[in-house]
Amino acid sequence: MRLGVSTAWRLAVAALTLSACGPRPGSGTSVSVPRTVADATSAGDWLGGDAQVSKPRVLALFELASRDPSASALIDDAARALAKGSREGLAALFTRCAADVEGSGEAGKTYLRWQTALLSKDHPTLLEGAPSAELTAKIRELSEVPRTLVTRVEDHPDYVVVRRGEVPTICLVAPMSTAAAYEAMIHELVHAQARQATDEAPDADAFATEDAYLTAVVLSPGDEVDAYVVASGARARLDGTNRNLIAALANKFDPAGRLLVGRDEIARVVLARRPWGLGYGDTGLRGAYARDKEMRAKLRASRRAFVEQLLAAKRQELSAMTANLGVRRHNLDARRQNLAIARARGDAAEAARLTKGIADDERALRELGRVTPLVRDGVTRLERELARLR
Ligand SMILES: [Zn+2]
């Protein structure tokens, strides 16, 4: 019951029609949750022999929470966060797990997808200090991609980083008992809902050891500790006993589903080897430390590539502007001299033409005078950023 996470970078430099795709880090980790002994031996199948998960089957699981106010509130919160408040809509996010998940002993899995796009700021945005209509439209376009749930915009001096979170999909396995499916449904909703609110997972580079990193991961909001605490509590309340909980967790809850130990202890159980623990340390989270470091290195390389491209584009733009500035000044001087000559000759038509040309040059020079320093400052800032990113 690990989260599947993937991130893609889309790089785009506005106004210069430069765009490139960055590397795409591998999909996130996944770990099985051991089914309880009771589930493994029970003859029940929550799908009643159906091949696929249908909305009525999921709604029936939701109904089991009707006498449990906290489980019921979780379902309603998830419906609000993920499906515009509709339990039907929430039920529609559930599917049956693929054969590889079913064969691995997992009870369910939540797939979350975040994408990151980098968009350069155009001149009006830089001049006004607020997103231009064009940049706003680009950001809106990203938020209108099908399945978008949230869009977050992070502001940088020369570009914006847009993070787009998709509506998650959740799979549950079959066959398993209805009570086990209920527990798995609650577990996955904790992941799906909380992870949409906090998309930042712990950064492996910030932890000196793999153990410290994995502990931080499972304790992070909406991760395994939260999911097991909430789902085990709900399962115990459903059954009226803690006896059907996963063996390694059963004595951590009282028969009413109240947690009897600290969250740190649950984290230890989640990571410990089976049968003492749930085995996350040697199954789906194995290699997660290295994978996270690798993914972050790829993301840094993408960011660096974007900043390099933007810097190259701005340098080119700056040199074009400098050349343009010289040409306009030269034209302006020539037109002013010619205007004096035309007036001396009494050539009114030529004088009018030159007067208009002079006004155009002056307008263009004013515009260049406003924009050139912005581009020059951008070059300086991006050079500094690139030095930091190397
Ligand atoms: Zn899980």
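Read-outs throughout are calculated quantities, based only on the coordinates presented, and are distinct from any laboratory measurement. Not measured: the values here are computed from a predicted model. Every residue, glycine among them, receives a Cβ derived from its backbone with ideal geometry; neighbour counts consider all protein chains shown.
Taking every alpha-carbon pair under 8 Å whose residues sit at least 6 apart, the chain reaches a relative contact order of 17 percent. As a proxy for reagent exposure, Val153, Val218 were ordered by neighbouring Cβ count within 10 angstrom, fewest first; the result is Val153, Val218. With an a/c value of 1.5 or above and a/b larger than b/c for the gyration tensor axes a ≥ b ≥ c computed over the alpha-carbon atoms, the chain is described as prolate. For the residue pairs Lys84/Lys138; Lys138/Lys314; Lys314/Lys356, alpha carbon separations beyond 27 Å are given by Lys314/Lys356. Charges were assigned to the Cβ only: +1 to each Lys and Arg, -1 to each Asp and Glu. The resulting dipole of the chain about its Cα centre is roughly 1260 debye.
When the chain is treated as a Gaussian network with alpha carbon springs shorter than 10 Å, the biggest mean-square fluctuation among Arg300, Arg315, Arg343 belongs to Arg343. Of the residues Leu74, Phe253, Val217, the one whose Cα sits farthest towards the positive end of the charge dipole of the chain is Val217 (charges of +1 on Lys and Arg Cβ, -1 on Asp and Glu Cβ, taken about the Cα centre). Picking from Glu350, Glu200, Glu134, which is most flexible by a Gaussian network model of the chain using Cα springs under 10 Å? Checking each option, the largest mean-square fluctuation is seen for Glu350. Which value in deg cm²/dmol, rounded to the nearest 500, describes the helix-derived mean residue ellipticity at 222 nm for the chain, given -39,500 (n - 2.57) per DSSP H run of n ≥ 4 and division by the residue count? The per-residue figure over the chain is -18000 deg cm²/dmol.
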